[in-house]
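Visitor: The structure is given below, and queries will be raised subsequently.
Since every read-out is calculated from the coordinates, none of them should be taken as a lab result. Computed from a predicted structure; not experimentally measured. Cβ sites come from the backbone with ideal geometry, for glycine too, and all protein chains shown count toward neighbours.
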Amino acid sequence: MSAVITAGNLSKTYGKQAALNGASFTVEAGRIVGLIGPNGSGKTTTLKAILGLTQFEGELTVLGMDPRSQRDALMNEVCFIADVAILPKWLKVKDAIDFVEGVHPRFNRSKAEKYLANTKLSPNMKVKAMSKGMVVQLHLALVMAIDAKLLVLDEPTLGLDILYRKQFYQNLLEDYFDENKTILITTHQIEEVEHILTDLMFIQDGKISLAASMDEVGERFTEVMVEPQFVAAANALQPMSQRTVFGKPIMLFDGVPRLQLSTFGELRTPSVADLFVASMKGTYA
Amino acid sequence: MKTMKWLIKRELWEHKGMLVWAPAVIAALIAALALGSIIMGNHLNFNDDSSPLSIGSVTIEGTARMRIVETMSQAYMVSAMPVLMVLSFVVFFYCLGALNDERRDRSILFWKSLPVSDMSTVLSKVALALVVAPLITLGIGTVLSLLILFAACGAVLAHGTNLFGAMLMSPDLYLTPLRLAGLLPVYILWALPTVGWLLMVSSMARSKVFLWAVGTPLVASLLLVWAEKMLHIGINASWFVTRIVDRILLGAVPGSWIIFEGDRVALQHEVHRMAVPETIFTASWGTLGGISVWLGVVAGVAMIATAVWMRRRREEG
């Protein structure tokens, strides 16, 4: 397995504000990586750096290329959906397909048409007349028909209703993803992506604060519903966070063996959302 | 090359209204006016013999007939002048929006997700402004002119003189549109500084592109004129206005070169007894002998390069 993305010490400042502050990470091929962080933590800047849409300091290799100098070649192998609804209003469905087929060497027209057949989109429809969800369907149809090695998604389902959101991720998993492809995704809707992710990256203040596979996350982090008599003992192990449900404290531990914790009460694997909240404590304080 | 074809198609999809419909509507209006007046004219003749407009039936033959055919076949493209003037507006506003609209609606993020270089994208827009748009306009203008010409011949025929045969035999009928098309390279070279300037401003300005594109040179000229008058420094403000401001704002007007180079290249059809279209053609190509057109070309290319660089480096969203 080779690394699709290798980033070393990425830095970028907007005026005095640091957007990236020495972020380092690697993304392996065939993974679905969630890049998750609070607003203003540097998520979008990281994605822009990977896509060659911004200048930055540090080292970055994407599919063996430097996005700063080899952007045009890189775009043959990389696809991205940046935010929703960035398709121009005047574009017709059939024109969009014709154009991408014309300029992209890895575009498979029949795939796009097959996907569009399952939607309400018709060839002569203009983006102007589409709902937000339909625009994303069109964009996804175009992107899924491109045999790219890396797909970057920046808040792809922002503002969509739950039906479109579920369908979006389902299509992505069932019809697009395979072991030769890598997906890097940022979103605030953590609950909806956590079951499709294979890897997790937390970003905070322009640095990567956690990078682990979902399996590792399950091993490393444990949530315990602590029985009242063990609260003092549990607190001694320095939980990352603590909240109370039905009068019982629930504590989140990092790196404490499950066997040891099982004496305190009921164990479970924390959701990514809980983990996120716990590890980002104090971000806006 | 294949990419370029699709990029141009893309521009046509986006700007069909401006590139095709605007000149077509103007042409239709002119045609309606011209045909209307021709028909109305005939109507008067046939129904009211006492009307002072009445010419009745005449048969024109011989030299007079030849002169009429010659003049008409050389000058009939004049009816296309308003359409060609529309071209300057089309090119001007097309260039202003070309690199700004995609940033404003953020669709640039979509275009940039495709393997198309910034250079090809910007060049496709240059090609559209300097080659495709003029050819479309010229096509519409030619159709309009022929329509009016034949309508006029038809009107004359109604009065008893058939000019159709002579007209269709006249080489000028076919040469005039070709001569105009042959001026395209001259147009490209003279319009380059304007197109370059507008594309550069379009790639730089966050908003209010028109204000930046027109305001900057105008304010600069005003400052220079003021400095010249008040401070008595030896700046030649009028030189700046005529050589820089005019060139970056008015270069897209067809025939602008005749005005820019008016002092150097004179239209001497009287002296050489040449036909008017031929004179214009020769004089236009003659302007390329001067240095100023080439300085403009260099400036235009540099500004287009800046626009490419801006599109590559500028951050969006």
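Visitor: Enumerate the aspartates and glutamates that A:K12 could reach by cross-link, defined here as Cα to Cα under 19 Å, with residues fewer than 8 away along the same chain left out.
Guide: Partners within reach: A:E57, A:E59, A:D66, A:D154, A:D205, B:E315, B:E316.
Visitor: Separate question: Of the listed pairs B:K5/B:K208; A:K126/A:K181; A:K207/B:K112; A:K94/A:K114, which have alpha-carbon separations greater than 25 Å here?
Guide: As for pairs spanning more than 25 Å Cα to Cα, those are B:K5/B:K208; A:K126/A:K181; A:K207/B:K112.
Visitor: For peptide A:99-105, compute the average count of partner chain beta-carbon atoms within 10 Å of each residue's beta-carbon.
Guide: 6
Visitor: For the range A:105-121, take each phi angle, set θ = phi - 60°, evaluate the Karplus expression 6.51 cos²θ - 1.76 cosθ + 1.60, and give the result in whole Hz per residue in order, putting x for glycine and proline.
Guide: So the J values, rounded to whole Hz, are x, 9, 8, 10, 4, 5, 4, 5, 5, 5, 5, 5, 4, 8, 10, 8, 6.
Visitor: Taking just the C-alpha trace of the range B:2-313, give me its Rg and Dmax in Å.
Guide: Expressed in Å, the Cα Rg and Dmax of the range B:2-313 come to 23.5, 75.
Visitor: Follow-up question, since we're still on this one. With Cβ to Cβ distances under 10 Å as the rule, what net charge do the other residues near A:I81 carry (K, R +1; D, E -1)?
Guide: Cβ neighbours under 10 Å give a net charge of -3.
Visitor: Can you give the angle from 0 to 90° between the axis of helix A:162-171 and the longest principal axis of chain A, with both taken from C-alpha atoms, to the nearest 10?
Guide: It works out to around 80 degrees.
Visitor: While we're on this one: Give, rounded to the nearest 20 debye, the magnitude of the charge dipole that the range A:142-285 has about its Cα centre when Lys and Arg contribute +1 at Cβ and Asp and Glu contribute -1 at Cβ.
Guide: Magnitude of the dipole: close to 540 debye.
Visitor: Same structure again: Ranked highest first by average number of other Cβ atoms within 10 Å, how do A:231-241, A:184-194 line up?
Guide: So the order, starting with the most tightly packed, is A:184-194, A:231-241.
Visitor: So who's got an amide H within less than 5 Å of the one on A:I36, skipping anything under 5 residues away but keeping other chains? H placed 1.01 Å off N, in plane.
Guide: So A:I36 has HN proximity to A:M201, A:F202, A:I203.
Visitor: Quick one: what are the phi-derived ³J(HN,Hα) couplings along the range A:51-56, Karplus 6.51/-1.76/1.60 with θ = phi - 60°, whole Hz, x for glycine and proline?
Guide: 8, x, 9, 8, 8, 7
Visitor: Next question. Can you give the helix-only mean residue ellipticity at 222 nm for the protein assembly as shown, where every DSSP H stretch with n ≥ 4 adds -39500 (n - 2.57) and the sum goes over all residues, rounded to the nearest 500 deg cm²/dmol?
Guide: Taking each H run of at least 4 residues, the total per residue is -15500 deg cm²/dmol.
Visitor: Using Cα springs under 10 Å in a Gaussian network model of chain A, which residue among A:G218, A:G52, A:G15 shows the largest mean-square fluctuation?
Guide: Maximum fluctuation in the GNM of chain A, among the listed residues, is at A:G15.
Visitor: Another question, then. Which listed residue (B:A27, B:T63, B:Y76) has the Cα farthest towards the positive end of the charge dipole for chain B, taking +1 on Lys and Arg C-beta and -1 on Asp and Glu C-beta about the Cα centre?
Guide: B:A27
Visitor: Moving to a separate point now. HN-Hα J couplings of the range A:247-252 from phi, Karplus 6.51/-1.76/1.60, θ = phi - 60°, integer Hz, Gly and Pro as x?
Guide: x, 10, x, 10, 10, 10
Visitor: When each pair of different Cα atoms in the range A:217-279 is counted once in the 1/r mean, what is the Kirkwood radius in angstroms, to one decimal?
Guide: After inverting the pairwise mean of 1/r, the radius is 11.4 Å.
Visitor: Could you work out the relative contact order of chain B, using alpha carbon pairs under 8 angstrom and six or more residues apart, expressed as a whole percent?
Guide: Answer for chain B is 25 percent.
Visitor: Continuing with the same structure: Roughly how tilted is helix B:2-16, in degrees to the nearest 10 and between 0 and 90, from the longest Cα axis of chain B?
Guide: 70
Visitor: Percent relative contact order of chain A, based on C-alpha pairs within less than 8 angstrom and at least six residues apart?
Guide: 21
Visitor: In a Gaussian network model over chain A where Cα atoms closer than 10 Å are linked, find which of A:T157, A:T244, A:T222 has the largest mean-square fluctuation.
Guide: A:T244
Visitor: Another one. Residues of B:113-121, mean number of Cβ from any other protein chain within 10 Å of their own Cβ, rounded to a whole number?
Guide: Taking the mean over all residues of the peptide, I get 6.
Visitor: Further, regarding this structure: May I ask for the angle, rounded to the nearest 10°, between helix B:62-75 and the longest principal axis of chain B, with both axes built from Cα atoms and the value confined to 0 to 90°?
Guide: 20
Visitor: To the nearest whole number, what is the average tally of beta carbon atoms from other chains within 10 Å of the beta carbons of peptide B:101-109?
Guide: Average per residue, whole number: 4.
Visitor: Something else: Rounded to the nearest 20 debye, what is the charge dipole size of the protein assembly as shown about its Cα centre when +1 sits on each Lys and Arg Cβ and -1 on each Asp and Glu Cβ?
Guide: It works out to roughly 600 debye.
Visitor: Name the residue farthest towards the positive end of the dipole of chain A from the options A:A234, A:N124, A:G265, assuming +1 on Cβ of Lys and Arg, -1 on Cβ of Asp and Glu, about the Cα centre.
Guide: Of the listed residues, the answer is A:N124.
Visitor: Taking springs between alpha-carbon atoms closer than 10 angstrom, which of B:G62, B:G251, B:G160 fluctuates most in the Gaussian network model of chain B?
Guide: Taking springs between Cα atoms under 10 Å, the residue moving most is B:G62.
Visitor: Cut-off is 10 Å between beta-carbons; in what order do B:W309, B:W257, B:W239, B:W6 appear when sorted fewest neighbours first?
Guide: B:W239, B:W309, B:W6, B:W257
Visitor: How would A:V152, B:V245 line up from fewest to most surrounding beta-carbon atoms within 10 angstrom?
Guide: Taking fewest neighbouring Cβ atoms as first place, the list is B:V245, A:V152.
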